[in-house]
1. Using only the alpha carbon atoms of region 1-124, find the Kirkwood hydrodynamic radius as the inverse mean reciprocal pair distance, in angstroms to one decimal.
2. Let me know the whole percent of all Cα-Cα pairs from region 70-141 that are separated by more than 15 Å.
3. So how tilted is helix 211-222 from the main axis of the chain? Cα-based, degrees 0 to 90, rounded to 10.
4. Please order 53, 213, 99, 227 by the number of other Cβ within 10 Å, starting at the fewest.
5. Could you order the peptides 62-69, 193-200 from most to least packed, using the average number of other C-beta atoms within 10 Å per residue?
6. Please compute one quarter of the surface area of the Cα convex hull for the chain and express it in square nanometres.
7. Which distance in nm do the two modelled labels at residue 190 and residue 242 give, with both placed 7 Å along the Cα-to-Cβ direction?
8. For the pair residue 166/residue 26, report the inter-label distance in nm, with labels modelled 7 Å from Cα in the Cβ direction.
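No lab work stands behind these numbers, since they all come straight from the coordinates. Keep in mind it's a predicted model, so treat the numbers as computed, not measured. Cβ atoms come from the backbone with ideal geometry, glycine included; neighbour counts cover every protein chain shown.
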Ligand SMILES: NC(=O)c1ccc[n+]([C@@H]2O[C@H](COP(=O)([O-])OP(=O)(O)OC[C@H]3O[C@@H](n4cnc5c(N)ncnc54)[C@H](O)[C@@H]3O)[C@@H](O)[C@H]2O)c1
């Protein structure tokens, strides 16, 4: 897989899965524009400031997202790949879930995916070329207690992916989703050792995944080898859900 001359935007790319995707694309020769609300050292940054290859904006904010993509398109002329990776959890049993826990997770995960996709789609349609990969989750397929907001946002991304795939297939644009299981990142470091042990028992391959396990599948979906794949959800979960 070679991505020379391809321009990719990856959201939530400061750490974890997003960072691994950015690195994997860069290694294959793509020019990668990374987005996050955090710097690479994990500090909060002033929203709206933009570095050379790094654009700080909150994907849940429509206007900031629109402006950032306009800037990228003005500077580079086109965007070939978009990876909607930025995501958060705010876990809580439903009866105790606050409005803001529900709204923030839907806003970042689902609306953020909508905002970025909408911002890039016009130029992809014009170019008659584009590949989009959305990061959803096994939890969007199976549900998980304490994650009604997160599961709803990720299931929403699956419906969104399929609807948009049908809208833009005739313009040579592919849009797919990947559904990781439990991956070793800051998101899962929060789990207690007892919960981790319990979860590992449900994974036939016997381990949590690595960010690179996800990044490799994303690269495949962005490559020519996946030209005939659209509207699909590829699972990367060590067999925990089949
Ligand atoms: N780690 C897992 O087990 C796992 C499993 C399934 C799916 N996922 C999904 O993979 C994606 C990456 O998760 P991760 O595990 O690397 O998490 P992470 O918390 O390590 O990284 C997420 C990144 O997104 C950024 N981000 C958060 N809100 C943002 C916003 N509003 N705008 C821009 N950037 C924002 C964060 O600053 C962070 O750098 C998420 O969508 C997550 O839901 C993760």
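1. On the way: mean 1/r = 0.0670 Å⁻¹.
By the Kirkwood definition, the hydrodynamic radius is 14.9 Å.
2. Working: 1581 of 2556 pairs.
Every Cα pair in region 70-141 considered, those over 15 Å come to 62 percent.
3. That helix lies at roughly 40 degrees to the long axis.
4. On the way: 53 13, 213 20, 99 7, 227 10.
Lowest count first: 99, 227, 53, 213.
5. Details: 62-69: 18.4, 193-200: 11.5.
Highest mean packing first, the order is 62-69, 193-200.
6. Working: hull surface 51.0 nm².
That works out to 12.7 nm², a quarter of the Cα hull's surface.
7. Between residue 190 and residue 242, the label points sit 3.2 nm apart.
8. 3.9
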